[in-house]
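Okay, so here's the structure we're looking at.
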Amino acid sequence: MEHELKEVIKKCDIAIKQEDFDLLMNYYTDDAILVIKPGMIARGKEEIKSAFIKIAKYFNNSLTPTQGEMIILEAGDTALVISQTFLEADKNDSDYSMDRRATYVFKKSPQGEWLCAIDNSYGTDLIIK
């Protein structure tokens, strides 16, 4: 049986591709963090939304994220997602790999919805750089 988080992440990927950042923010906790790039973090929905707008512009408004193999480790209202994340874009000269081993942390809200608390598409590459 597929974990419901896979569908949540798929919806987030679609929102990023369609640049529907208002919708995307519905999938984040209020105090979430986004690793923009190693050494640069956005905190809270306002900063995260602003970061996604800048990221979209950096990639010539052509960014398409998809997920490959995914492992979900769940304990109570917290889940760690380890995922192959693939980024496609018209811009090919990024300083960072477009094929990543991402780590995401999700928390279940009191309403039972999974919300992203830590969005780190770089995964353990953060400690290599």
Dipole of the chain, positive end: most advanced residue of Ile9, Ala56, Tyr104 [Cβ charges, Cα centre]: Ala56
Length released on extending from Ser50 to Ser62, taking residue separation times 0.36 nm less the Cα-Cα span: 2.6 nm
Cβ-based charge dipole, the chain, positive-most Cα from Cys116, Ile72, Pro38: Pro38
Full-extension gain in nm, Thr29 to Met98, via 0.36 nm per residue minus C-alpha separation: 22.3 nm
Using θ = phi - 60° and Karplus 6.51 cos²θ - 1.76 cosθ + 1.60, couplings along the range 106-113 (whole Hz; Gly, Pro as x): 10, 10, 8, 6, x, 7, x, 9
The chain, accessible surface, carbon-and-sulfur percent (1.4 angstrom probe): 51
About the Cα centre, charge dipole magnitude for the chain (Lys/Arg +1, Asp/Glu -1 at Cβ), debye: 280
Mean separation of Cα contacts under 8 Å, 6 or more apart, over the residue count of the chain: relative contact order %: 23
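Give me the percent relative contact order of the range 42-83, please, defined on Cα pairs under 8 angstrom at least 6 residues apart. Display every interim value, and only then the final one.
Working: 21 pairs, mean separation 9.7, N = 42.
23 percent.
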Mean projected area (nm²) of the alpha-carbon convex hull when the chain is viewed from all directions: 7.7
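Packing-wise, with mean Cβ within 10 Å as the measure, how do 68-79, 42-53 rank, highest first?
Details: 68-79: 12.2, 42-53: 16.6.
The packing order, highest mean first, is 42-53, 68-79.
The values are calculated or read from the model by the stated rules, or taken from the named source; none is laboratory data. Just so it is clear, the model here is predicted, and its values are computed rather than measured. Because the Cβ atoms are built from the backbone with ideal geometry, glycine has one as well, and the counts that use them run over all protein chains shown. Surface areas here come from the heavy atoms of the whole protein model, side chains and all, with no ligands, DNA or RNA. Shrake-Rupley method; radii C 1.70, N 1.55, O 1.52, S 1.80 Å.
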